[in-house]
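The values are calculated or read from the model by the stated rules, or taken from the named source; none is laboratory data. What you see is a predicted model; the values in this text were computed from it and never measured. With ideal geometry, Cβ positions are generated from the backbone for all residues, glycine too; neighbour counts draw on all protein chains shown.
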Amino acid sequence: MIFLSLPLFIDTPAVTFPELKSFLVGEKVAEGLGLYHEVIDNTPPLASWFYRACDFVLGRNLTGRHIAAFLLLFCQSVFLGIVFIDKKVFPENTYIPTLTFSLLTLLSFDVIALTADLAAFGFLLLALNALLTEVEFRVQRDETIHNLGLFIGFASLFNFSYIIYLPGVILILLFFTRNSLRKHLLLLTGFVLPHIILCSVYFINGHLDDLWSRFYMSNLSLPGDSLVSFKSLIVLSALPIIYFVLTVFVLSREARLTKYQSQLMQAMFLWFIIGVVQILFTPNLRPQSLLPLAPPACFFFTHFLLLIRRRKFAEANVWVLLIGIVTAMYLARYNKISSIDYSGLVVPVQKGSPTNKKVLLLDDRPELFLNNRISPPFINWTLTREILGAPDFYENVLLVNRLFEKDPPELIIDPENRMEKFFTRLPDLKNRYTKSSSGNWVLTARD
């Protein structure tokens, strides 16, 4: 795996928009600014604190972040293999799921980006482990079902779209267990517990309204535009999709499994369907968003490979997957496949733009922050536009004044002259800025 990924570490790919956002959020949280009432963004709280840790350890070192993501993915692949062995989901103990999962992580260079989706997926694997334990009738404990809900709750605080796994898991449990109403309530209790703690902390600090509007309500809205088109994802995943369809067809006709293994196969297929639904609602759709589909895909691939009696034919199928996936990844990486377009994912290099400045950008052009710092932390443009588009609201004027006092920008790029109305209401703040010939505001006086 190191050998196959080595070119990505030597010739580091360009920064992607999710990685750029992780830089901005991590830097501002590390400066001690509070989420949602000072950092104007809808990034989930655990994701924001994860980015803070990444910023503390690695800064903006992109190669270091990719290596850390690679190690995290490797640990997750090993954990997945151990889970399947422990639950005896196959006729024999095997690490083929670890191998196939590792191959699927080579689908795109974007998969080894160190984003909160990787951490969310880690908690999803813990939830899958608890789910398989619950389906296994000889092992049923109250803490298992409670932890299942707890892990999904933590995952949703890294990536809010993972909340879709809650009704999906309840559906699987209704099909394959005889759990009582009390156990389902334990599941719901485990899920809401981290959310209740989060809301309690924000309520005590007087910022519950900010949490509700800028995290929960903002993430409940329809997801934004895809960073990579659905067509590109289909072309990129063509070989695994073909193998998955072939595997499901063969197993439905040829597999001889125990009742327990048949139930697990049906449960994993439902898990795959839930993952597809979750992808439809995920924000910023890109190759890494397909990661939740990897465990059920590995499950079915392994059953298919174990079904092949002659070892050399099974190994040949693994080589086809390996060569096909790796070749497609590197051809797409260097824009050699015209039907795969990464232009919406990779941050374009800005020529002639300011560098090494603290900038407030009142427009939806985050690429400007590739070589600059954001100040104040108006990161999410949708939320920022709601605030700066309503200068008649007293709380918006207070918020702008408070953030400017705490984190003043050196340059305000204001193509629609939104700051003029705020400066009219904040004369002391206006005296610190001068409008240049280009229409931008430049800091001229400091406290």
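Take residues that are loosely packed, with under 15 Cβ neighbours inside 10 Å, out of contact with any Asp or Glu (no Cβ under 8 Å at 6 or more places or on another chain) and among the β-branched types (Val, Ile, Thr) and tell me which of the helices (runs of 4 or more DSSP H) falling wholly in segment 171-237 contain 1 or more. Show your work before the answer.
Details: elements: 181-204, 208-211, 230-236.
It comes to 181-204, 230-236.
Would you be able to tell me the number of residues in segment 381-395 that are without any contact (Cβ under 8 Å) to a residue 12 or more places away in the chain and within 23 Å of Ser353 (Cα to Cα)?
1
When you check Glu31 against the structure, is it surrounded by fewer than 19 Cβ atoms within 10 Å (Cβ to Cβ), more than 13 Å from the chain's Cα centre (by Cα) and within 16 Å of Ile374 (Cα to Cα), yes or no? Walk me through it before giving the result.
On the way: surrounded by fewer than 19 Cβ atoms within 10 Å (Cβ to Cβ): yes; more than 13 Å from the chain's Cα centre (by Cα): yes; within 16 Å of Ile374 (Cα to Cα): yes.
For Glu31, the condition - surrounded by fewer than 19 Cβ atoms within 10 Å (Cβ to Cβ), more than 13 Å from the chain's Cα centre (by Cα) and within 16 Å of Ile374 (Cα to Cα) - is met.
For segment 355-369, how many residues are surrounded by fewer than 18 Cβ atoms within 10 Å (Cβ to Cβ), touching a residue at least 12 places away in the same chain (Cβ under 8 Å) and out of contact with any strand residue (DSSP E or B) (no Cβ under 6 Å at 6 or more places or on another chain)? If you could, list the steps in order and put the result at the bottom.
Initial filter on segment 355-369 (surrounded by fewer than 18 Cβ atoms within 10 Å (Cβ to Cβ)): 355-358, 363-367.
After this cut, where a residue has to be touching a residue at least 12 places away in the same chain (Cβ under 8 Å) as well, the list is 355-358, 363-364, 366-367.
Next, from what is left, pick out any that are out of contact with any strand residue (DSSP E or B) (no Cβ under 6 Å at 6 or more places or on another chain): 355-356, 363-364, 366-367.
Final tally of qualifying residues: 6.
Sort out which residues of segment 26-41 are in a loop (DSSP other than H, G, I, E, B) and over 10 Å from Ile379 (Cβ atoms), and write them in order of number. Talk me through it step by step, then tell me what you get.
Start the filter on segment 26-41 by keeping residues that are in a loop (DSSP other than H, G, I, E, B), which leaves 31-34, 36-38, 41.
Within segment 26-41, Glu31, Gly32, Leu33, Gly34, Tyr36, His37, Glu38 qualify.
When Phe158 is evaluated against the numbered criteria (1) in a helix (DSSP H, G or I); (2) in contact with a Pro (Cβ under 8 Å, 6 or more places away or on another chain), which criterion, by number, is the only one it fails?
(1)
Show me the helices (runs of 4 or more DSSP H) found entirely inside segment 293-408 where at least 3 residues are under 24 Å from Ile40 (Cβ atoms) and more than 23 Å from the chain's Cα centre (by Cα).
381-388, 394-406
Give me a count of the residues in segment 1-17 that are of a type in the set (Gly, Ala, Ser) and more than 12 Å from Ile112 (Cβ to Cβ).
The total comes to 1.
Regarding Val25, is this residue closer than 27 Å to Glu395 by Cα and touching a Ser or Thr at 6+ places or on another chain (Cβ under 6 Å)? Step through it out loud before you land on a result.
Numbers: closer than 27 Å to Glu395 by Cα: yes; touching a Ser or Thr at 6+ places or on another chain (Cβ under 6 Å): yes.
The answer is yes for Val25.
In the set Asn356, Asn284, which member is among the polar types (S, T, N, Q) and under 22 Å from Ala116 (Cα atoms)?
Asn284 is the lone residue from the list that is among the polar types (S, T, N, Q) and under 22 Å from Ala116 (Cα atoms).
Hey, any hits in segment 185-195 for a residue that's more than 23 Å from Leu293 (Cβ to Cβ) and modelled with pLDDT under 90?
no
Which of the residues that make up segment 306-344 are surrounded by 15 or more Cβ atoms within 10 Å (Cβ to Cβ) and charged (D, E, K, R)?
Arg333, Asp341
May I ask you to list pairs of residues, at least six apart or on different chains, whose Cβ atoms are under 7 Å apart, with the first in segment 396-409 being at negative phi and the second being polar (S, T, N, Q)?
Sorted first by the residue in segment 396-409, then by its partner, the pairs are Asp407/Ser375; Pro408/Ser375; Pro409/Ser375.
From the list Phe56, Phe101, Phe23, Phe70, which one is surrounded by fewer than 18 Cβ atoms within 10 Å (Cβ to Cβ), in a helix (DSSP H, G or I) and not small (Gly, Ala, Ser)?
Only one candidate qualifies: Phe56.
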